[in-house]
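Asks: Questions regarding the structure given below will be posed in turn.
The values are calculated or read from the model by the stated rules, or taken from the named source; none is laboratory data. Computed from a prediction, not measured in an experiment: that's the story for all the values here. Ideal geometry is used to build each Cβ from the backbone, glycine not excepted, and the neighbour counts take in all protein chains shown. These area figures cover heavy atoms from the full protein model, side chains too; ligands, DNA and RNA do not enter into them. Shrake-Rupley method; radii C 1.70, N 1.55, O 1.52, S 1.80 Å.
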Amino acid sequence: DTEVTQTPKHLVMGMTNKKSLKCEQHMGHRAMYWYKQKAKKPPELMFVYSYEKLSINESVPSRFSPECPNSSLLNLHLHALQPEDSALYLCASSQEALQLQPQHFGDGTRLSIL
Amino acid sequence: GQQVMQIPQYQHVQEGEDFTTYCNSSTTLSNIQWYKQRPGGHPVFLIQLVKSGEVKKQKRLTFQFGEAKKNSSLHITATQTTDVGTYFCAGYTGTASKLTFGTGTRLQVTL
């Protein structure tokens with residue numbers, strides 16, 4: 001069982017919909033991450049939160065809007081997505097946003113845009 | 001930007017054979033991590049290497065970090081069907097907090 005919980009596991013949405021992906025961890029980690037993974041490709045970093053503040057935005061389009069309400073929760077708000085945004089969205093956490101910290105991944109949300 | 005390539009992209013072995021994946025970075029890495037992702041699963045942290053020339057072992061898995069800290073390898077001795085999955089190296093450069101994943105090597109093991 002993963003210690004990082006993501007909901008929903010699957011999401012199908014139209015290009016005009018608004019939806020949110022949720023991620024939760026109770027390991028006391030202070031860094032949380034969003035990654036995007038296309039089929040047969042490596043995970044690509046989207047956002048990093050450190051102590052509930054956004055520390056890295058990898059030039060992600062504004063139709064993706066992250067939010068970190070508290071140290072255990074991370075959301076990704078989606079609006080007006082494109083078909084090419086269909087992918088596996090992975091949340092991860094680590095003790096701190098430092099290089100020597102292993103990252104713990106959730107099972108991901110498989111997103112399909114119609 | 002930083003690029004991290006892995007070879008081979010895919011390898012199919014018979015159970016009991018050895019397997020090696022090689023990871024090469026376009027820039028010097030501060031440290032390197034290895035992750036395994038089972039089919040339909042999520043990446044799981046395996047190990048971290050920090051020092052130039054470092055070698056670490058985990059049972060049948062041997063990890064190496066190159067002397068120039070630009071390459072790394074993972075060797076599996078006597079593969080088992082439970083080794084099936086995609087192996088990613090991932091590295092940091094400089095003081096950045098961005099973990100860049102390698103392109104991955106998918107391992108298939110058959111009886």
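Asks: Choose one of A:L98, A:M27, A:S55: the residue whose Cα lies farthest towards the positive end of the charge dipole of chain A (beta-carbon charges +1 Lys, Arg; -1 Asp, Glu; about the Cα centre).
Replies: Toward the positive end, the furthest listed residue is A:S55.
Asks: Next question, about the same structure. Could you work out the percent of alpha carbon pairs in chain A separated by over 17 Å, rounded to a whole number? Write out the running numbers ahead of the final one.
Replies: Values: 3202 of 6441 pairs.
Within chain A, distances greater than 17 Å cover 50 percent of Cα pairs.
Asks: Right, next: If you place +1 on the Cβ of every Lys and Arg and -1 on the Cβ of every Asp and Glu, how big does the dipole about the Cα centre of the protein assembly as shown come out, in debye to the nearest 20? Before the final figure, lay out each step's value.
Replies: Numbers: 23 positive and 17 negative charges, 37 e Å.
Value, rounded to 20: 180 debye.
Asks: Could you pull out every one of the aspartates and glutamates with an alpha carbon less than 18 Å from that of A:K41, ignoring same-chain neighbours closer than 8 positions?
Replies: Qualifying aspartates and glutamates at Cα under 18 Å: A:E58, A:E84, A:D85, A:D107.
Asks: What do you get for Rg/Rh over region A:36-81 if you use C-alpha atoms and the Kirkwood form of Rh? Mind dumping the intermediate values first?
Replies: Values: Rg = 11.5 Å, Rh = 11.7 Å.
Rounded to two decimals, Rg over Rh is 0.99.
Asks: Any of A:K53/B:K57; A:K53/B:K69; A:K22/B:K57; B:K36/B:K56; A:K38/B:K59; A:K36/B:K56 with alpha carbons more than 27 Å apart? Name them for me.
Replies: A:K53/B:K57; A:K53/B:K69; A:K22/B:K57; A:K38/B:K59; A:K36/B:K56
Asks: Which percent of the accessible area of chain B is formed by carbon and sulfur heavy atoms (probe 1.4 angstrom)? List each step's numbers first, then the result.
Replies: Working: 2710 of 5270 Å².
The computed percentage sits at 51.
Asks: Carbon-plus-sulfur fraction of the accessible area of region A:1-57, 1.4 Å probe, in percent? Let's see the in-between values first.
Replies: On the way: 1680 of 3370 Å².
Whole-percent figure for carbon plus sulfur exposure: 50.
Asks: What FRET efficiency do you get for B:Q58 and A:H77 if R0 is 41 Å and r is their Cβ-Cβ distance, rounded to the nearest 0.05?
Replies: On the way: r = 39 Å, r/R0 = 0.95.
Working from the Cβ atoms, E equals 0.55.
Asks: Comparing the chain by itself with all protein chains present, which residues of region B:69-101 are at least 20 Å² less accessible (probe 1.4 Å)?
Replies: The answer is B:F88, B:Y92, B:S97, B:K98, B:L99, B:F101 - residues whose exposure falls by at least 20 Å² when every protein chain is included.
Asks: On to the next question. What fraction of the Cα pairs in region B:1-84, stated in percent, has a spacing above 20 angstrom? Intermediate values should be presented prior to the final figure.
Replies: Details: 1197 of 3486 pairs.
Tail fraction, whole percent: 34.
Asks: Another one. Using a 1.4 angstrom probe on protein heavy atoms only, which residues from region B:17-49 are buried by at least 50 Å² of accessible area when all chains are present rather than their own chain alone?
Replies: Residues shielded by partner chains are B:H42, B:P43.
Asks: Taking a 1.4 Å probe, which of A:E84, A:E67 shows the most accessible area, and what order do the others take after it?
Replies: Details: A:E84 105, A:E67 70 Å².
Result of the area sort, largest leading: A:E84, A:E67.
Asks: When every alpha-carbon pair in the protein assembly as shown is counted, what percent end up more than 21 Å apart?
Replies: Numbers: 13963 of 25200 pairs.
Summing the P(r) of the protein assembly as shown above 21 Å gives 55 percent of all pairs.
Asks: Please compute the modelled spin-label separation between A:N17 and A:T5, points set 7 Å along Cα→Cβ, answer in nm with one decimal.
Replies: For A:T5 paired with A:N17, the spin-label model returns 2.2 nm.
Asks: I would also like to ask the following. With a 1.4 Å probe and every protein chain left in place, work out the accessible area per residue of region A:14-53 in Å², rounded to a whole number.
Replies: Working: 2180 Å² over 40 residues.
Averaged over the residues of region A:14-53, the accessible area is 54 Å².
Asks: Where does each of B:R60, A:R110, B:R38 land when they are ordered by accessible area, with a 1.4 Å probe and the largest first? Each step should come with its number before you reach the end.
Replies: Details: B:R60 65, A:R110 110, B:R38 130 Å².
The most accessible residue leads, giving B:R38, A:R110, B:R60.
Asks: A further question on this structure: Pick from A:S94, A:S65, A:S86: which is most flexible by mean-square fluctuation in a GNM of chain A where alpha carbon atoms under 10 Å apart are linked?
Replies: A:S65
Asks: Leaving out ligands and nucleic acids, note down the accessible area per residue over region B:49-111 with a 1.4 angstrom probe, in whole Å².
Replies: Values: 2840 Å² over 63 residues.
In whole numbers, region B:49-111 has 45 Å² accessible per residue.
Asks: Still on this structure, I have one more. List the accessible area buried at the contact between A and B, summed over both sides and calculated with a 1.4 Å probe, in Å² to the nearest 100. Mind showing how you got there, number by number?
Replies: Working: alone 6570 and 6080 Å², together 10950 Å².
Using a 1.4 Å probe on protein heavy atoms, the buried area is about 1700 Å².
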